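Trainee: Would you mind keeping the following structure in view while I ask a few things?
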Amino acid sequence: MTGTVNEEDASIAKYLRQDRMPHIWCSGCGIGPVLGCFLRAIDRAEIDPDKLAVISGIGCTGRVAGYVKLDSFHTTHGRAIPFATGLKLANPELKVVVFSGDGDLVAIGGNHLIHAARRNIDMTVICVNNFNYGMTGGQVGPTAPFEARTTTTPYGNFEFPFNLPYLTCASGASYVARWTVLHIRQLDTAIAEALTKPGFSFIEVIAPCPPVYGRMNKEPEGTDSLHYYQERSVVRNGADPKDADIDLNGPIVVGKFVDRQRPTLWDNLNQVVSKAKERATAKAKV
């Protein structure tokens, strides 16, 4: 998505605050294309935009909330999911989407991520993963591949990264997928599926950060980055998420990994309330 939107893609333009364009994202950044997929998926999934809320945290991806012509919150660092949870609890009829980056969602917000998945809260989380804290200088993040160079690991990352599909699947998510910014059509479909999936759905999108992470790790720039993803991506729908680790300059396993039916938080809550009422009624008759 460029700095301005023309009439060729009305499905995107109608959901954008075009008075706030051009956006702040760097040339070659992958966040714009991911946002475009999300906006197209709203119509594909037939979601009422008046019943849709977008919540984002701090960081480059967190700026999404300010560019969409939808009810939105730009929250504090790492707290997008708690805000979204409160919003969903207050108004269960809302379709709640969290749109943020790997640093915000998985580092300071990691505890909230796993517990939202554990509870199977009915929300969709879109995580744009560029392997570093792009907005604040390119520091190492929890998804940076082992031996990757960042501004705080100039000789290579010495920590093992999170495998996000495996993490969210093990925590209890109902829907888990990973795509890159090359896989626009698959990402469109995945987001539409996630929006209509009961329970906690999680989509990771691998995206370039050319000025910092990409430069330090000698990744291709511009359209060459798409060839990079084309060469390294391995589509494995239904793969076990534990096999979806990402190594530095290694293959990137993408696909829809998890699509299962699990009781949501509200299903369990209603079951407990129903049983409590039955016990109270039986006790009153004694």
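Quick note: the coordinates plus some simple rules give every number you see, no bench work behind them. Every value quoted in this text rests on a predicted model; they were computed, and no experiment measured them. Cβ sites come from the backbone with ideal geometry, for glycine too, and all protein chains shown count toward neighbours.
Trainee: Taking 0.36 nm per residue of sequence separation and subtracting the Cα-Cα distance, how much length would be gained by fully extending the chain between N237 and T136, in nm to one decimal?
Mentor: The span from N237 to T136 would gain 32.9 nm if fully extended.
Trainee: Do the alpha carbons of any pairs in K69/K197; K14/K51; K197/K256; K14/K95; K69/K95 sit beyond 21 Å of each other, and which pairs?
Mentor: Violating the 21 Å limit, Cα to Cα: K69/K197.
Trainee: So which lysines pass the test for K285, namely a Cα distance under 21 Å, with those fewer than 8 places away in the same chain ruled out?
Mentor: Qualifying lysines at Cα under 21 Å: K275, K277.
Trainee: Principal axes first, then extents: for the Cα atoms of the chain, list largest minus smallest coordinate on each axis, whole Å, largest first.
Mentor: 76, 45, 33
Trainee: I'd like the orientation of helix 31-44 relative to the chain: the angle between its Cα long axis and the longest Cα principal axis, in ° from 0 to 90, rounded to 10.
Mentor: 40
Trainee: Let me ask you something else. In nm, give the distance between the simple-model label positions of K277 and S27, each being 7 Å from the Cα along the Cα-to-Cβ direction.
Mentor: Label-label distance for K277 and S27, simple model: 6.2 nm.
Trainee: For the stretch 253-269 and the stretch 192-211, what is the separation of their C-alpha centers, rounded to whole Å?
Mentor: The two parts, judged by their Cα centres, are 14 Å apart.
Trainee: Now, a different point. Between rounded, prolate and oblate, where does the stretch 160-261 land on the alpha carbon gyration tensor, with a ≥ b ≥ c its root eigenvalues, rounded for a/c under 1.5, else prolate if a/b exceeds b/c?
Mentor: Prolate, since a/c reaches 1.5 and a/b exceeds b/c.
Trainee: Something else: With a sphere of radius 14 Å drawn around the Cβ of F160, what net charge do the other residues whose Cβ falls strictly inside it have (Lys, Arg +1; Asp, Glu -1)?
Mentor: Combined, the nearby Lys, Arg, Asp and Glu give -3.
Trainee: Could you work out how far the C-alpha centroid of the stretch 34-107 sits from that of the stretch 133-174, in angstrom?
Mentor: Centre-to-centre distance over Cα atoms comes out at 22 Å.
Trainee: Write out the GluC sites (Glu not before Pro) in the stretch 133-202 meeting two conditions: DSSP loop, and at most 13 other Cβ atoms within 10 Å of their Cβ.
Mentor: Those satisfying the criteria are E159.
Trainee: Still on this structure: Estimate the FRET efficiency between Q18 and A284 by the formula 1/(1 + (r/R0)^6), using the beta-carbon distance for r and 51 Å for R0, to the nearest 0.05.
Mentor: So, using R0 = 51 Å, E works out to roughly 0.25.
Trainee: Moving on. Along Cα→Cβ, 7 Å out, is where each label goes; now give me the distance between the ones at E221 and R262 in nm to one decimal.
Mentor: Calculated label separation equals 4.3 nm.
Trainee: A further question on this structure: When the distances between all Cα atoms of the stretch 149-217 are binned every 10 Å from zero, what whole-number percent does each bin get?
Mentor: Reading the bins upward from 0: 18, 36, 30, 15, 1.
Trainee: Distance from a point 7 Å along Cα→Cβ of R44 to each backbone N in the stretch 185-207: keep the residues under 12 Å and list them by number.
Mentor: 185-196
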